[in-house]
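The values are calculated or read from the model by the stated rules, or taken from the named source; none is laboratory data. Note that this is a predicted model, so its numbers are computed, not measured. Glycine also receives a Cβ, built like all others from the backbone with ideal geometry; neighbour counts cover every protein chain displayed.
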Amino acid sequence: MTTPLGSFDVTARAGRRVTVARQTRETDVAVTLDLDGTGAAEVRTGVGFLDHLLASFAHHGLFDLVVRGTGDLDVDEHHTTEDVALVLGTALGAALGDRAGIVRFGEASIPMDEALAIAVVDVGGRPYAVVDLPFRGERIGTLPTQLVEHALEAFARASGTTLHLRGSGRNDHHLAEAAFKALARALRAAVAEDPRRLGGVASTKGSLG
């Protein structure tokens, strides 16, 4: 059975570890994510600074993460960055399943020299993003700075996460890295299993999503 072009294919799932793949005419991306990992990361997207951000995300979230992505970098970095974020977000949502028994909310503040980033998340299935990262330059390495916010918004949408993330700083590298570290630490808290929840959902509605 073939997978329709551009669809998300959850090819493997074991507990809170999933593999999600997506292939389009512009990109070919596969992500394996384990929410209960140790922070191990193998990331290759062809965009060096994006690889750095995702490796930092895995390390500080204690997520095991494998990302393999190829794309039309001869055009620009947009399609690759966006689709990696979408597949990673889809993997997070799939790993959470019905989202029962988790803490649901998380927040973190991360400094990196002169930069400071603050992330607050709700992984309850309501996709929304408010991202304010005032970059000064147009690129960090080969990654356009405008794609940092775009990737975060795409990740929030695909994962069913409400994300509020803001930061300040004079160095764009520091600001972007602090933002991904803050997101990782906030998600680490939110996806943690809550022993007092006894498998129920953190909502008075009785369901999440």
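Brief remarks follow.
- Odd one out for residue 165, checked against (1) more than 24 Å from residue 33 (Cα to Cα); (2) surrounded by 14 or more Cβ atoms within 10 Å (Cβ to Cβ); (3) touching a Leu at 6+ places or on another chain (Cβ under 9 Å): (1)
- Residue in the stretch 1-17 that is buried (at least 22 other Cβ atoms within 10 Å of the Cβ) and in contact with a helix residue (DSSP H, G or I) (Cβ under 7 Å, 6 or more places away or on another chain) present: no
Residue-by-condition table, conditions (1) over 20 Å from residue 177 (Cα atoms); (2) among the hydrophobic types (A, V, I, L, M, F, W, C); (3) in a helix (DSSP H, G or I):
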{"position": "5", "(1), (2), (3)": "yes, yes, no"}
{"position": "9", "(1), (2), (3)": "yes, no, no"}
{"position": "13", "(1), (2), (3)": "yes, no, no"}
{"position": "25", "(1), (2), (3)": "yes, no, no"}
{"position": "49", "(1), (2), (3)": "no, yes, yes"}
{"position": "80", "(1), (2), (3)": "no, no, yes"}
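- Subset tally (residues that are at pLDDT 95 or above and surrounded by fewer than 19 Cβ atoms within 10 Å (Cβ to Cβ)) for the stretch 95-117: 8
- Residue in the stretch 110-128 that is of a type in the set (Gly, Ala, Ser), under 15 Å from the mean Cα position of the chain (by Cα) and on the phi > 0 side of the Ramachandran plot present: yes
- Residue 193 vs. criteria of a type outside the set (A, V, I, L, M) and either modelled with pLDDT under 95 or closer than 18 Å to residue 128 by Cα (or both): yes
- Pairs, first closer than 17 Å to residue 172 by Cα and among the hydroxyl-bearing types (Ser, Thr, Tyr) in the stretch 116-144, second modelled with pLDDT of 95 or more and not in a strand (DSSP E or B), C-beta under 7 Å, six or more apart: 142/47; 142/48; 142/49; 142/77
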